[in-house]
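For reference, the structure discussed in these notes is given below.
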Amino acid sequence: MSAQLEPIVGRYLRTTWQGRPVRLYFEEAGGGIPLVCLHTAGCDTSQFRHLMTDPAITDRFRVLAFDLPWRGKSPPPVGWQDEEYALTTDSYTEIIRTFCAALELDKPVVMGCSMGGRITLNLAARHGAEFRALIGLEAADHQTPWYDTEWLNRPDVHGGEVCAGLISGLVAPQSPDEARWETLWQYLQSGPGVFKGDLHFYRADSDYRDRTGLIDTAVCPLYLLTGEYDFSCTVEDTTRTGAAIPGAKVTIMRELGHFPMSENPAKFREYILPVLNEIAAAGADG
Amino acid sequence: MLDALPAAVNSRPQLVHRGRFLTVDFRLTVGAVAHDIHIHQGRITDLRIDGGLLRPWRFQIAAAREVWERFWEPMPAPGYHDIFALTKSGHAVLEGDLLPFMSNLRYFKEMIALPRDTTLFSKEGSGG
């Protein structure tokens, strides 16, 4: 009997982040144009497993995703026990560029979701020439907060339960149960203060209304795709962001929420394949 | 229609189990109608639909009747599908001591979504 092995392979990258040694776990599958996927706040690379097992994508794209330190298989930096984790625009940008440079990825596509989508706007504004294209899922230059992040890490509320309970409604009601509950399981595992530390970036250090004007989509194409059931990054937030960036291509995804790639992979595929086809075709032309 | 809520909750062993550490009084307000609900170890042991006669509650969830009707549609529209979508948009108010709510989020979210099951809840009846 032959083992049923998925094509996803995981490895560890040793590098430095903010001047400190870190061990970054990453997964990859496929070959071709590098496509680096950035997970949502409080989560890890497992959100992208469906893209990595889809031959329509992996036949042309080398799909990679790394766990930010503090979650999944990437441990926090040494000394973490005496500090409070807080991601920033600088530290997030640094680790993405470090990852791409260390693996010698040639003008990768970067696709991020939620906070991973937000940071693609900074990459576009500050480092657009390094990338073949940028894709922001559930992304906007700014969003209105809807809860106090103090709930996420306190001794009298179960951290995993409250993280999953808060975000459960960001999954569209049409999403299939299996994918919904796998998406929520990823949040139920959240380490103490990790979601909150990610949200420091999202809430306090990434109001990009000051820099979307710097984005030149002739240098690096920008795609923004948002699910209609996402009330965190709303359709209005993404539409407003896209309207301020000449050449940005905005797609509103029906029957999807804040976690399109994991909450309903089949539905997300309908929206992301045309984008990836366009990027691949542009590469063939160039 | 919420008079069917105690039976709907109490007949779900997984839901009751999830709330086994929860004993609380809370208020669910539909338009002008207050529903005072007592939960004891995950079971609803009392429901009063009489306008809220100076009863205490730890927290209250309140929205207009039309908002709840949209929330309770079997396949709710975007913005009406989750309690936090409603509070963010201002369509609902969540107030009081939120600790029991936040520490039992899945329990309360599943409870207040039960009326989406039209086999359990009729659109007629008292309390809205």
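A short reminder: the numbers here are calculations on the coordinates, not readings from a lab. Treat the numbers as computed from the prediction; the structure is a model and nothing was measured. Cβ coordinates were reconstructed from backbone atoms using ideal geometry, including for glycine residues, and neighbour counts include every protein chain displayed.
Amide H of residue B:44 versus every other amide H placed in the peptide plane: which residues, excluding those fewer than 5 positions away on the same chain, fall under 5 Å?
B:10
What residues have an amide H closer than 5 Å to that of residue A:225, excluding those fewer than 5 places away on the same chain, when H is modeled at 1.01 Å from N in the peptide plane?
A:136, A:137, A:138, A:139, A:251
Check residue A:74: other-chain or 5+ apart residues with amide H under 5 Å from its amide H, H built from backbone geometry?
A:25
For chain A, state the average projected area of the convex hull of the C-alpha atoms over all orientations, rounded to one decimal in nm².
Details: hull surface 60.6 nm².
The orientation-averaged projected area of the Cα hull of chain A comes to 15.2 nm².
To the nearest 500 deg cm²/dmol, what mean residue ellipticity at 222 nm is calculated for chain B from DSSP H runs of n ≥ 4 alone, each contributing -39,500 (n - 2.57), summed and divided by the residues? Write out the running numbers ahead of the final one.
Numbers: 6 runs with 39 residues, N = 128.
Mean residue ellipticity, 222 nm, calculated: -7500 deg cm²/dmol.
For residue B:21 and residue A:216, what does the FRET efficiency come to when R0 = 60 Å and r is the distance between their Cβ atoms, rounded to the nearest 0.05?
Details: r = 55 Å, r/R0 = 0.92.
Using R0 = 60 Å, I get an efficiency of 0.60.
Run the simple label-point estimate for residue A:18 and residue B:3 please: 7 Å along Cα→C-beta, distance reported in nm.
In this crude label model, residue A:18 to residue B:3 measures out at 5.8 nm.
Can you compute the modelled spin-label distance between residue B:97 and residue A:97, with each label point 7 Å from Cα toward Cβ, in nm?
That separation, rounded to one decimal, is 5.1 nm.
Can you pull the mean other chain C-beta count within 10 Å for peptide B:94-100?
Average per residue, whole number: 1.
Does anything in the stretch A:221-253 have its amide N under 13 Å from the 7 Å Cα→Cβ label point of residue B:89, and if so which residues?
Backbone N within reach: A:228-232, A:234-236.
Looking at A:34, A:163, A:212, which one has the Cα that reaches farthest to the positive end of the dipole of chain A (charges on Cβ: Lys, Arg +1; Asp, Glu -1)?
A:34
How high is the FRET efficiency from residue B:77 to residue A:11, r the C-beta distance, R0 41 Å, rounded to 0.05? Intermediate values should be presented prior to the final figure.
Values: r = 44 Å, r/R0 = 1.07.
After rounding to 0.05, the efficiency reads 0.40.
Using a simple charge model, +1 on the beta-carbon of Lys and Arg, -1 on the beta-carbon of Asp and Glu, nothing else, what dipole does the stretch A:9-285 show about its Cα centre, in debye to the nearest 20?
On the way: 25 positive and 37 negative charges, 121 e Å.
Dipole about the Cα centre, nearest 20: 580 debye.
Please list 3J(HN,Hα) in residue order for the stretch B:78-87, calculated via the Karplus relation 6.51 cos²θ - 1.76 cosθ + 1.60 where θ = phi - 60°; whole Hz, with x for glycine and proline.
x, x, 10, 9, 8, 4, 6, 5, 5, 6
Please give the Cα centre distance for the stretch A:179-224 versus the stretch A:251-284, rounded to the nearest Å.
Distance between centres, Cα-based: 17 Å.
Looking only at GluC sites (Glu not before Pro) in DSSP loops with at most 11 other Cβ atoms within 10 Å, what is the longest site-free stretch of chain A?
Values: sites that count: A:83, A:84, A:104.
Formally, the longest exposed-site-free interval is A:105-286.
Can you figure out the FRET efficiency of residue B:55 with residue A:174, using R₀ = 51 Å and their beta-carbon distance, to the nearest 0.05?
The formula returns an efficiency of 0.85 here.
Between the stretch A:42-75 and the stretch B:37-113, how many Å separate their Cα centres?
37 Å
Taking a cut-off of 15 Å between Cα atoms, list the aspartates and glutamates near residue A:73, but don't count ones fewer than 8 places away on the same chain.
Straight-line reach from residue A:73, under 15 Å: A:27, A:28, A:44.
Could you tell me which of A:275, A:199, A:105 has its Cα farthest along the dipole of the stretch A:9-285 towards the positive end, charges placed at Cβ (Lys, Arg +1; Asp, Glu -1), taken about the Cα centre?
The residue sitting farthest along the positive end of the dipole is A:105.
Just grab the label-to-label distance for residue A:146 and residue A:282, each label 7 Å out from Cα along the Cβ direction, in nm (one decimal).
Placing both labels 7 Å beyond Cα along the Cβ direction yields 3.1 nm.
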